[in-house]
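In what follows, a single structure is set out as structure tokens and then discussed.
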Amino acid sequence: MTPQVRSTPELPLVVKMRTRGLSVFYGEKQAVHEVDLEVGVNQVLALIGPSGCGKSTFLRSLNRMNDTVDGVRVLGEVDLDGRPIYGPDVDPVVVRRHVGMVFQRSNPFPKSIFDNVAYGLRIAGMRDKAELALRVEKALRHAALWDEVKDRLFESGLGLSGGQQQRLCIARALAVEPEVLLMDEPASALDPIATARLEDLISELRAELTIVIVTHNMQQAARVSQRTAFFYMGKLVEVGETQRMFTRPKEQATEDYISGRFG
Amino acid sequence: MSDATSSTPFVRRDGIFDRILVVGSAGACVALLGMLAMVLLDIVIGGSGRISLEFLTAAPSNGMTEGGIFPAIVGTALLTFLMTIAAVPAGVATAVYLNEYAPTNSTLARVVRVSIANLAGVPSIVFGLFGLGFFVSTLGRAIDVTLFSGELTFARPSLLWAALTLSVLTLPVVVVATEEALRAVPRELRDASLALGATRFETVVRIVLPEALGGILTGAILAVSRGAGEVAPIMFTGAAYFLPQLPSHLNDAFMNLGYHVYVLATQSPDVEKTKPILYGTALVLLMLTFLLNVVAVILRSRTRGKLKPAL
Ligand SMILES: Nc1ncnc2c1ncn2[C@@H]1O[C@H](COP(=O)(O)OP(=O)(O)OP(=O)(O)O)[C@@H](O)[C@H]1O
Ligand SMILES: [Mg+2]
């Protein structure tokens, strides 16, 4: 399928994912209100906004992780390469193989480093030992973790430092070669050095996949993303090129938030 | 302490209540320990002299005034084993459904949980009657009529029915313990697995159950060790007063340590002569239960140790 090209006052965007009228409810409570948003291919899109504004909820509806929570209802459309991921005959499990996710708190399995990274591949049916080893190495290199763990692949993933654990989780997500990677405050539990490494990594990964990252750190959003979306009270207030958003926001609320006047 | 507070009546009264509470609860603890010590000492002193290789490997003889308890040990082991393979898989499967699959507001899950709570409160003699009425007389009869052209084969008390009756009694404990172990598995691990494209089933089998295994085994062993000592449920459903040979089929009756204690204590032709045997049997039963509990405690501390790096 050909990617759709959309012209805006800004640079044209090659759309990887698109939401239209996306609303998410927890029971009766609406957490996301009719969001129309496009994610450009090989770009990093940063989601910013005050706590509780629905960033995580929005992010989790991009790979149907909300389906795993009781009482969640999703309305509207989400497309990946123009194909609806909420269609009637779409298997959410398959969607998650194309759209991977890294969580706020690193959550390695209580297994070896190797088995952590190989998990998704084995689930997908890969049995060949040599091929698994190859893919695990590739994913660990991708996540800039290989050199630190190549001598201890069969030790527990829980023995790594916080920053290494988070990169292990990224390697685990990358191993299945998703097209889009969702990251929910991936650096919030890391020290500045580990955070800087993670940001470098995100910038490198962009060459091969599309990334959507939630962050509370404005500098981080400015450093790693090409586009930024500002959410407030479950609504998308404004979205645009990161540079423009941080220098000339169109909405007063965006400016107030970015300049630290609330949130 | 300032004058204002020391002159309020509350302080002094609280002090008295405090002291009464401390003395009272310490006394209760001592009484409890004392009773436990008395029971244990009585059985150990009375029984240890009796225990020998012969006692453990010979059958009762001379109207149960001599010989050993070998058939009762074998019967108890078989019963416990069969009960375990019936109760643990069913209990674990139930808990997995309740905790991993049922939606939080599911009516079915609520009904099952209430039933389990009620089942756990039923006196064990009622399970015995249920086993007799349902397994022996109804199920056994139906099997005989359909498979054995009415010939008495399964419609009588036997190892199979006693084990199933006991497994019904044990089931709630296994379910509750397993649910607890499953709840202790962090949601983050499930999320990580699902986000990698695993199905719910794959997540349960590859992540959740291995993580919960220690807790499940501990709970299962404790449940089984409790069930292994029960007498009332097997009295009408399969335990025998005395059998010259060991059970060789599922539909044979069997001897059992707990039931043997009961028999020796109430049905002996010569109370004085059976007394050492009675004590010896009680001690063996106690040691078997104790052994199972020790295994459970070891398993529990092992799994605790394993979890530590995650915290
Ligand atoms: N499982 C849930 N059940 C009910 N309400 C929820 C649930 N998860 C989130 N919410 C609610 O939905 C709203 C949006 O939550 P969400 O976690 O998406 O916010 P967020 O922008 O990610 O916040 P933060 O920056 O603190 O992570 C909040 O009001 C929150 O209370
Ligand atoms: Mg969040």
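Throughout, read-outs are computed from the coordinates displayed, never taken from laboratory work. This structure is a prediction, so every number in the text was calculated from the model and none was measured. Virtual Cβ from ideal backbone geometry, glycine too; neighbours counted across all protein chains shown.
Numbers for the structure displayed
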quantity: Dimensions (Å) - chain B, Cα atoms, principal axes, largest first; calculated: 80, 60, 35
quantity: Anchor B:Lys273: aspartates and glutamates whose Cα lies under 12 Å away (excluding residues fewer than 8 positions away in-chain); calculated: B:Glu66
quantity: Average other protein chain Cβ within 10 Å of Cβ, residues B:195-208; calculated: 6
quantity: Kirkwood Rh (inverse of mean 1/r, distinct Cα pairs), the range A:81-195, angstrom; calculated: 14.7 Å
quantity: 222 nm mean residue ellipticity, helices alone, for chain A (DSSP H n ≥ 4; -39,500 (n - 2.57); rounded to 500); calculated: -9500 deg cm²/dmol
quantity: DSSP bridge pairs, chain A: antiparallel proportion in percent, nearest 5; calculated: 60 percent
quantity: Radius ratio Rg over Rh of chain A, counting only Cα atoms, Kirkwood formula for Rh; calculated: 0.97
quantity: Estimated distance in nm for a label pair at A:Glu155 and B:Ser248, the labels positioned 7 Å out from Cα along Cα-to-Cβ; calculated: 5.8 nm
quantity: Set of the range A:113-130 residues, backbone N closer than 16 Å to the point 7 Å along the Cα-Cβ line of A:Val94; calculated: A:124-125
quantity: Kirkwood Rh, angstrom, the protein assembly as shown [1 / mean 1/r, Cα pairs]; calculated: 28.9 Å
quantity: Relative contact order [Cα under 8 Å, 6+ residues apart], chain A, whole percent; calculated: 26 percent
quantity: Cβ-derived FRET efficiency at R0 35 Å, A:Lys29 paired with A:Glu255, nearest 0.05; calculated: 0.75
quantity: Gaussian network model of chain B, springs between alpha carbon atoms under 10 Å - residue of B:Val224, B:Val204, B:Val30 with greatest fluctuation; calculated: B:Val30
quantity: Distant-in-sequence amide H partners of A:Gly76 (H built 1.01 Å from N, under 5 Å); calculated: A:Ser23
quantity: Amide N of the range A:88-120 lying under 14 Å from the label point, which is placed 7 angstrom from the Cα of B:Arg200 along Cα→Cβ; calculated: A:92-93
quantity: Whole-angstrom gap from the range A:30-100 to the range B:273-301, using each part's C-alpha centre; calculated: 58 Å
quantity: Long-range amide H partners of A:Glu238 with built H, under 5 Å; calculated: A:Phe230
quantity: Percent RCO, i.e. relative contact order, over the range A:21-90, from Cα pairs under 8 Å lying at least 6 residues apart; calculated: 36 percent
quantity: Dipole magnitude of chain B, debye to nearest 20 (Cβ charges: Lys/Arg +1, Asp/Glu -1, about Cα centre); calculated: 700 debye
quantity: Residues A:Lys235 and A:Arg105, FRET efficiency given R0 of 35 Å [Cβ-Cβ distance, rounded to 0.05]; calculated: 0.80
quantity: Normalised contact order of chain B, rounded percent, pairs of Cα under 8 Å and 6 or more residues apart; calculated: 26 percent
quantity: Positive-end extreme of charge dipole, chain B - chosen from B:Ala90, B:Phe254, B:Gly15 (charges on Cβ); calculated: B:Gly15
quantity: Counting DSSP beta bridges with both ends in the protein assembly as shown, the antiparallel % (nearest 5); calculated: 60 percent
quantity: Two-site FRET efficiency, A:Ala124 against B:Ser115, from Cβ-Cβ distance with R₀ of 41 Å, rounded to 0.05; calculated: 0.55
quantity: Cut-off 17 Å (backbone N to label point 7 Å along Cα→Cβ of B:Ser48), residues of the range B:248-289; calculated: B:276-277, B:279-288
